[in-house]
Amino acid sequence: MAAHDDTGRPDTAAPAIELKGISKAFGPVQANKDISIRVMPGTIHGIIGENGAGKSTLMSILYGFYKADAGEIWVHGARREIPDSQAAIAAGIGMVFQHFKLVENFTVLENVVLGAEEGARLTPSLSKARKLLKQLSEEYELHVDPDALIQDLGVGMQQRVEILKALYRQADILILDEPTGVLTPAEADHLFRILEGLKREGKTIILITHKLREIMEITDTVSVMRLGEMTATVKTPETSPEQLAELMVGRKVLLRVDKAPARPGETVLQVDNLKVTDSKGVERLRGVSLNVRKGEILGIAGVAGNGQSELLEVLGGMREGRGSVQLNGQELDLSGTKSDARTRRRRGIAHVPEDRQREGLIMDFQAWENVGFGYHDDPAYCRGMFMDNAALRKDTERKIEKFDVRPANADLAAKSFSGGNQQKLVIARELERNPDLLLVGQPTRGVDIGAIEFIHQQIVALRDEGKAVLLVSVELDEIMALSDRIAVMFDGSIMGERLPSETSERELGLLMAGISDTSREHSIKEVEENLAHSGGKVMT
Amino acid sequence: EPGLIIDLGGKFDKSFNESAYTGAQRWVEETGGDYVETELQSEAQREQTMRRMAERGANPVVVLGFANASTLEKVAPDYPDTNFVIIDEQVDQPNVKSIKFAEHEGSYLAGMMAAIASETGTVSFVGGMDVPLIRKFACGYAQGAKAVNEDIEVIQNMTGTTPAAWNDPVKGGELTRSQISQGSDVVYAAAGGTGVGVLQAAADEGIYAIGVDSNQNYMHPETMLTSMVKRVDNAVYDAFEAAEAGTLETGLEVLDLESEGVALAMDENNEDLVTEEMRTAIDEAKQQIIAGEIEVHDYTETDSCPVEM
Amino acid sequence: MDFLTIIQIGDSTIRLATPLLLACLAGLFSERSGIIDIGLEGKMLISAFFSAAVAALTGSVWLGLLAGVAAAVIFSLIHGLASITFRGDQLISGVALNFLASGMSVLIAQDIFAQGGRTPSLSGDARFASLDLPFAEALSGVPILGPIYSDMLSGHTILVYVALLAVPATWYVLFRTRFGLRLRAVGENPGAVDTAGVSVKRLRYGAVLICGLLSGLGGAYLSTGLAAGFTQEMTAGRGYIALAALIFAKWRPWQALGACLLFGFLQAVSNRFNSIDLILFEIPNAFVLALPYILTVVILAGFVGRAVPPRAGGTPYVKER
Amino acid sequence: MTKMPRWADIALIPLINLALALLVAGIVLLFIGQNPVEALQIMVRGAVGSTYGWGYTLFYATNFIFTGLAVAVAFHAKLFNIGGEGQAQLGSLGVALVCLAVPWPHWLLALPAAIVGGAVFGAAWAFIPAYLQAKRGSHIVITTIMFNFIASSLLVYLLVSTLKAPGMAPESARFPEGAWLPSARELFASIGIEFSRAPLNVSFLVALLACWLVWLLLWRTRLGYEIRALGHSEPAARYAGISPPRIVIIAMLISGALAGLMAVNAVMGEQERLLQDNVLGAGFVGIAVALMGRSHPVGVLLAAILFGALYQGGAELEFETSVPRQMIIVIQALVILFTGALDNMVREPVTGLFLRYGKRKPAPGTPAE
Ligand SMILES: Nc1ncnc2c1ncn2[C@@H]1O[C@H](COP(=O)(O)OP(=O)(O)OP(=O)(O)O)[C@@H](O)[C@H]1O
Ligand SMILES: Nc1ncnc2c1ncn2[C@@H]1O[C@H](COP(=O)(O)OP(=O)(O)OP(=O)(O)O)[C@@H](O)[C@H]1O
Ligand SMILES: [Mg+2]
Ligand SMILES: [Mg+2]
């Protein structure tokens, strides 16, 4: 297939990157199908697509991390074999991965020189790198302490280290894979300023994201991927968010949720001064207080790693905490054997976990075994110390039908279902318990638009039945669309609560950065400093 | 067809097992007969191996070493038509012949030689597994040494308390070095395969050593004073022959100095080291022991030794 | 215990610590690169056998050493193949190699020498001779330090000094060279090394080869330095003790030296005394022998400082799920 | 990457692995100047060619069933229990103490007591490593290795001191006659069949029962569900209200108890006294057995019989030829290597083949969306 050039740009210079017919399969999953794309030098080229569309795969191929099954890579008009990252680096390509590739207990400096040392002895390399790093960080406003250990840095800082790594290797084509997923809007703005600066220097940037706003803001050209294929490449000024969304999912989409106003009743969950300390002794929740009432959805917004996961885990009984949590007026144990998930479930708390594959399901268990997961001691599923497998299987078949899980086969292993259908299994299991309180984390992460609509409807329906819902999501859009009240978490504390109708993304963004006085103008610097020390980490 | 079960440590331990093996080989050479042989690999296989031998029709089945006693006690009654021979321990079954040696007598002579050879006034002993049998060696050795020189110091070390002690040359060497540092200049090893390490260390450090069971004089001709040979080879040879002739008698037999069941090895390898003084002293003592004029105490009779170590 | 005994025990400690130290440093390289190696025992054993066998056949201890190291390196390569190339379970591979060594050594020994799974005794040039350090003779008269130098430190075989020198060398390589930086990185986060343009496989194979080399030296020392020939199972758990020392040392070279000397000392003491009389009660020898193992468990239990292993240890590096 | 039929996963691949192991073993035999075909014949004949052979084959298999199940149960909880050896040693101690403590009138009374003794002691020895893993995160592989050594030191100590019977060898007194288990010979004789004198005894039936109970435990009980869930994912277990420390400890206790039960066969069924090493590496063979049997009780049973035959055949091989018994250890090592560590060497190409030739018929579970 010939490379398409929908932008109509005259071919004055050779493209910085040209991919021709790239295909890649992971076992049975075709992640990339015959993809061709051109990236012109000195531009910022966006790539968007739903989760699982194959964006990261494509870029990892370009960076030599994966090997394509078929296809060619051309860099600045010359065909290049890129069998490994070494070759990509030699071709002037640098990449900042979605999940950072840093050695946690090394210093910034060591991470930067790793793989790019000069000579066999380390000391000269390190001192030389120190100088260069200083120069680079001044040039691009990328300030980091070269002697800090990575594990002591916040995510924003870690990302800078990644960018510095690429620049240190003299990359002139920089790939960033969802760099803003872990950043606050303000941090993202700063990142974009850096990218603009790099672009002015003549560097080429490929930016992966699935946030349409960012695409519209910063890119020159944008390519859309769907289900492993490249569906279009357009010039940014000539397109609109609506058009892009449609290209992304293949049909017209409604970008909001229909729901009636909430009619909250009495308090179901009352949390006071809840604290959690992790295994390393770091305090992850620093005295959180909040409440959720019947018939309402409380959304928790925040940059990943600011304690939301810990909040869900401690409420769901997966870790211990201190403070007070009351359910329907009754105190819950926060430590000891009675603080476990089993007890919580018995008390009427259902929990859709943030990571379905790691927590919500046993990927090697069959669907019917998973439907009993967490409820395997429910008398309906057991006979004494034995499991009643027949009952469990029957119940599963019913749930599969009701929630339209496809394929409708209770004997399939969980791992054989697609992400969206796995999520439906979890949702079916938890919502069907008719809980007083539903804890739900990242309900639509990695789920396609169709399933998103369905899942959102189910959550709202549960609320309308008069149940309490605590929703955690890093997607601000989802929080805005679903919540009746929004609490923003930063560094283990609630920075503030807002009503969706009375707040803006900007205000929430500042709260997410730890700035509670949202009325005055804040410098980017302040936002950054706050985040650098918040200990926020990328979730893995 | 006779059968021989070589015990742990293997038939080339240069010592106890090797001696039995040599006896069996001599029988093959001299009679042209055939025998079945197998080697034990572990403690818990004794039973299977004995049964296998008996099932296969071997007769007599010769087992080496005291460790077989309790197993034989159990197996022998199951095969009343098969005769068994056990060396070094007594098993009271109608179809078992038990052969023991007067190790204390041979060791007494070895102790005398050591005491004569010693210039430092300290000699030493490295035993294998710490069992009464080995203490019997040690006690005889000490008695002999003290008989020559009342003030002589005898150091005694056992390698261990388990059968692994028969096969730990590294530790044998370490023990010897430690004894040397305490002044010993003649070491007597009664430790099976461990002894190889003892003799090696003695050779490395240039002190005299005395071997055991087989004639080990050839191993380090410059330093091997002698070996206290225990004629296990003869015992095996005789058992095989008697069985062939149908004259094997069950019950206990003790082989001593008189019957040449134990002796000091004198050959071309140690002739330069053995002085005339030694030769006469030993010959004299040997006669006296046979004649009953010298009574060498057997440790196993009282579980104690009359002389200091 | 008098001074002489202390010197003697010190002397013995150094001898007995040497194979532990070589194996421990071998494990250090492997595990720092993220490859757990419980096959140290097997590598030492196979090397002990081949070095003794070839030394016995050729009469040259150097050829023996070469053969021993080569055998250990081959074992390392199998471990690498299983755990790096085929992303298998490193623990299982290690267990398998330990068995392979224990079976193969006897099998081949029996085939070549027919001496019940051992090699003939080595003597002369087929063994490592002891080396006197310079001025050992002259200084022996100096009180206290003299005996320590001339009786304890001097008079060991060359491999002892190689092992001792390997400690600073390991430290230097690990913390002062490019290779060391990459090695430590690959044991912590292979993804970081890979995306930095360095081959994870090559690094790990490198580490595993060094591991083979060092454990090979350790095995060769056992049969041609410490003892005079190979006997069945002559490593007697030293590979596991080395592993214990490695944990004790928290994967650091100088601490490894300390741990190996401690465990060597325990062996030296238990060799010398059948039981230790502590006036109030007597410690049985079996306990002294088990002490390294008990200590390791105590350390692992975190009662004496926590040992944090390299983070990527034990998990194969898989890019594609 | 699981587009491979189940039978290929549980039967084909282990068989290819086994074939490779035997092939390499054959090459080793050739290398030491033996005829592998002849050797195989001797081994097969020795192992299954007579009631004597069967008696020993199944006797060994009984040991390996127990230790194999022990490793398998731990595997299901994602624990690698290398401590079977030490746990079985302690199990031996437990069985011996029970048998020696009471003048048992009849084996039917002694057997249940010995089962309890072996299981409790084995479990107790597994408890410490399990506790340290569960509560303090100490790597169980290392701690169980250490505990193997400590166990053998402990037994040595006891056998040369308190438990030592008169005589020179470090072994306990012989058990009273009432604690002797009926052998296969006696059992068969009662129904009029002649069986050789071999140590095969009623423990074999106990082992079969253990297989069934383990199957029931793992796939039919809540506890088994929890063990398997934890083995697949610890965060998921915590999410489901399954306490990982609790399950780690329970799984190891079961594992240790199973390993300890081996002593009922080896100590009570054969030796009838406590020796310094009754286990003879069966704890390690259990690893190979569990790997080959894919940690399923039926697989473990079959693999244990295979290894039993290997051990008995190997003993015969040693008897008949100059090939030392270590040949079995080599085969065992190769089986562990090929089925455990080099599994992907076979699995990847086989999966590739299935992917290539199995494409026409879409496998169930291909996306509907
Ligand atoms: N290492 C891997 N092994 C197997 N399958 C993979 C691997 N990486 C990605 N996939 C699969 O390939 C497909 C494309 O994944 P990819 O990570 O490229 O998507 P993406 O567009 O980057 O999604 P996201 O927005 O979630 O990052 C998905 O179905 C994914 O499950
Ligand atoms: N590990 C696996 N084993 C078996 N089949 C798998 C595996 N991973 C993915 N698949 C198959 O590949 C398909 C695609 O998986 P993937 O998670 O990428 O779906 P998706 O396109 O992202 O769908 P969704 O939008 O529902 O998340 C799944 O439907 C599943 O059948
Ligand atoms: Mg991605
Ligand atoms: Mg998906």
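The values are calculated or read from the model by the stated rules, or taken from the named source; none is laboratory data. This is a predicted model, so every value here is computed, not measured. Here Cβ is always computed from backbone atoms with ideal geometry, including for glycine, and neighbour counts include all displayed protein chains. Surface accessibility is based on the protein's heavy atoms, side chains included, excluding ligands, DNA and RNA. Shrake-Rupley method; radii C 1.70, N 1.55, O 1.52, S 1.80 Å.
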Need one number: buried accessible surface between chains A and D, 1.4 Å probe, both sides summed, DNA, RNA and ligands left out, in Å² to 100.
2900 Å²
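Quote the FRET efficiency, to the nearest 0.05, computed for B:GLU1 versus B:GLU284 with a Förster distance R0 of 51 Å and r equal to the Cβ-Cβ distance. Don't jump to the answer; show the numbers that get you there.
Values: r = 45 Å, r/R0 = 0.88.
Once rounded, the FRET efficiency stands at 0.70.
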Accessible area per residue for the range D:61-348 in Å², computed with a 1.4 Å probe and the full protein assembly in place, what is it?
29 Å²
Counting C-alpha atoms alone, how compact is the range D:61-348: give Rg to one decimal and Dmax as a whole number, in angstrom.
18.9, 59
Can you give me the Kirkwood hydrodynamic radius for the range A:17-249, using every pair of distinct Cα atoms, in Å to one decimal?
18.1 Å
Tell me, how many Å apart are the Cα centres for the range A:118-158 and for the range A:50-90?
27 Å
Return the whole-Å distance between the Cα centroid of the range D:332-356 and the Cα centroid of the range B:161-205.
48 Å
Residues in the range A:77-123 that, when all protein chains are in place, have 40 Å² or more less accessible area than the chain alone would give (probe 1.4 Å):
A:LYS101, A:VAL103, A:ASN105, A:PHE106, A:LEU114, A:GLY115, A:GLU117, A:ALA120, A:LEU122
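If I take all pairs of Cα atoms in the range A:379-515, what percentage of them are more than 24 Å from each other? Working shown, then result.
Numbers: 3977 of 9316 pairs.
In whole percent, the long-distance tail amounts to 43.
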Given only helices, namely DSSP H runs of n ≥ 4 each adding -39500 (n - 2.57), what is the per-residue ellipticity at 222 nm of chain A, to the nearest 500 deg cm²/dmol?
-9500 deg cm²/dmol
Helix A:122-140 vs. chain A, principal-axis angle (Cα, 0 to 90°, nearest 10):
80 degrees
Between the Cα axis of helix B:103-117 and the main Cα principal axis of chain B, the angle (0 to 90°, nearest 10) is 20 degrees
Shielded by partner chains, the range D:305-319 residues - at least 40 Å² of accessible area, 1.4 Å probe, vs chain alone:
D:GLU318, D:PHE319
Which of the helices in chain C meet the span-like rule: DSSP H, Cα axial reach of 18 Å or more, Kyte-Doolittle mean at least -0.5?
C:3-32, C:40-58, C:61-80, C:90-113, C:158-176, C:200-221, C:253-272, C:285-300
Looking only at other chains, what is the average number of their beta-carbon atoms within 10 angstrom of each beta-carbon in C:172-182?
4
The range B:181-244: which GluC sites (Glu not before Pro) are DSSP loop and have at most 16 other beta-carbon atoms within 10 angstrom?
B:GLU222
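Would you mind getting the Kirkwood hydrodynamic radius of the protein assembly as shown from its Cα pairs, rounded to one decimal in Å? Can you show the working numbers first?
Details: mean 1/r = 0.0276 Å⁻¹.
Computed over the protein assembly as shown, the radius equals 36.2 Å.
Any idea of the total accessible area buried by the D-C contact, 1.4 Å probe, rounded to 100 Å²?
Details: alone 18040 and 15000 Å², together 29450 Å².
Rounded to the nearest hundred, the buried surface is 3600 Å².
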Determine the share of the protein assembly as shown's accessible area contributed by carbon and sulfur atoms, expressed in whole percent, with a 1.4 angstrom probe.
55 percent
Rounded to the nearest Å, the spacing of the alpha-carbon centers of the range C:218-271 and the range D:270-319 is 30 Å
Please list, in order, the residues from the range B:258-295 whose amide nitrogen is less than 11 Å from a point placed 7 Å along the Cα→Cβ vector of B:GLU301.
B:295
For the range A:333-402, Kirkwood radius (reciprocal of mean inverse C-alpha pair distance, Å)
13.3 Å
Using a Gaussian network model on chain B with a 10 Å cutoff between Cα atoms, which of B:GLN45, B:GLN216, B:GLN25 fluctuates the most?
B:GLN45
Cα-based Rg and Dmax for chain C, in Å, come out at 20.0, 68
Can you compute the helix-only [θ] at 222 nm over chain C? Use -39500 (n - 2.57) per DSSP H run of at least 4 residues, normalise by all residues, nearest 500 deg cm²/dmol.
-21000 deg cm²/dmol
Any chance you could give the angle, 0 to 90 degrees and rounded to 10, that helix A:449-464 forms with the longest Cα principal axis of chain A?
30 degrees
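Can you give the local net charge around A:LYS338? Use residues other than it whose beta-carbon is closer than 13 angstrom to its beta-carbon, Lys and Arg +1, Asp and Glu -1.
Details: positive: A:ARG342, A:ARG344, A:ARG345, A:ARG346, A:ARG347; negative: A:GLU320, A:GLU331, A:ASP333, A:ASP340.
Here the count lands on +1.
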By what distance, in whole Å, do the Cα atoms of the range A:361-432 stretch along each of the three principal axes, largest value first?
34, 23, 17
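For chain B, what is the calculated [θ] at 222 nm in deg cm²/dmol (nearest 500), taking -39500 (n - 2.57) for each run of four or more DSSP H residues and dividing by its residue count? Before the final figure, lay out each step's value.
On the way: 10 runs with 124 residues, N = 309.
For chain B, the value works out to -12500 deg cm²/dmol.
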In whole angstrom, how long is each semi-axis of the equivalent ellipsoid of the range B:128-251, when you take the square root of 5 times every eigenvalue of its Cα gyration tensor and sort them from largest down?
29, 16, 15
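Please give the per residue accessible area of the range A:174-236, computed with a probe of 1.4 Å over protein heavy atoms only, in Å².
On the way: 1940 Å² over 63 residues.
Dividing the accessible area of the range A:174-236 by its residue count gives 31 Å².
With solvent modelled as a 1.4 Å probe, how much accessible area in total do chains C and A shield from it at their shared surface, in Å² to the nearest 100?
2200 Å²
Find out how many positive minus negative residues lie around B:MET278, taking Lys and Arg as positive, Asp and Glu as negative, among other residues whose Cβ is under 13 Å from that of B:MET278. Working shown, then result.
On the way: positive: B:ARG279, B:LYS286; negative: B:GLU271, B:ASP272, B:GLU276, B:GLU277, B:ASP283, B:GLU284.
Summing Lys and Arg as +1 and Asp and Glu as -1 gives -4.
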Virtual spin-label span in nm between A:ALA390 and C:ALA129, 7 Å along Cα→Cβ:
8.6 nm
Determine the residues within the range A:28-43 where the difference in accessible area between the chain on its own and the full set of protein chains amounts to at least 20 Å²; count protein heavy atoms only and use a 1.4 Å probe.
A:PRO28
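Would you mind counting up the charge near D:LEU337? Only other residues with Cβ under 12 Å from its Cβ, with Lys and Arg at +1 and Asp and Glu at -1. Write out the running numbers ahead of the final one.
Details: positive: none; negative: C:ASP89, D:ASP343.
Net charge in that neighbourhood comes out at -2.
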Could you state the accessible area per residue of the range B:115-255 in Å², with a 1.4 Å probe and every protein chain left in place?
29 Å²
Based on the alpha carbons, how large is the Rg to Rh ratio for chain B when Rh follows Kirkwood?
0.97
Diffusion coefficient, µm² s⁻¹, Stokes-Einstein with Kirkwood Rh over alpha-carbon pairs of chain A at 10 °C and 1.306 mPa s
64 µm²/s
Shielding by partners for A:344-355, please: the mean number of other protein chain Cβ atoms within 10 Å of each residue's Cβ.
1
